[in-house]
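Notes follow once the structure below has been shown.
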Amino acid sequence: MPKGAWESKSAAKEKQLALENCVNTVSLLEKSIKEHANNQAGRLKDLEKNAKALKSQMISASKDLKEQGSGRRIGLAKERKGLYHLESS
C-alpha cells in the first residue's frame, strides 16, 4: 500500500474516531440535561407542596389567634361589665 494512501486512511480513521467521540459526548450531555430537568421538576413539585402546607398552617394559626383574641375581648368585656355593675350598685 502506498504511503499516501495509508496516511489518508489513517487520517480518515482518526476523523471517524473523533466523530464517534463527539456523538458519544453529545448523547451523554443530552441524557444529563434530561435527568437534570426531571430532578428540577421533582424539586419544584416538592417546593410547591411545602408552600401549600405552610400556607395552610399559617391560615390555621391565624384562625387560632383570632379565636383567642375574640375570647380575650369577650372576657375583658365581661370583666368591665362586672366592674361597671359593682360601681353602679
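The table below gives the values:
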read-out	value
Karplus-derived HN-Hα couplings along region 40-55 (A = 6.51, B = -1.76, C = 1.60, θ = phi - 60°), whole Hz, x at Gly and Pro	5, 5, x, 5, 5, 4, 4, 5, 5, 4, 5, 5, 5, 5, 5, 5
Whole-Å distance, taken between Cα centres, linking region 42-66 and region 4-36	51
Integer Hz, Karplus 6.51/-1.76/1.60 couplings in order for region 21-31, x for Gly and Pro	4, 5, 4, 5, 4, 4, 4, 4, 5, 4, 4
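Laboratory data are not the source of any read-out in this text; all were calculated from the coordinates shown. Given the structure is predicted, the values throughout are model-derived calculations rather than measurements.
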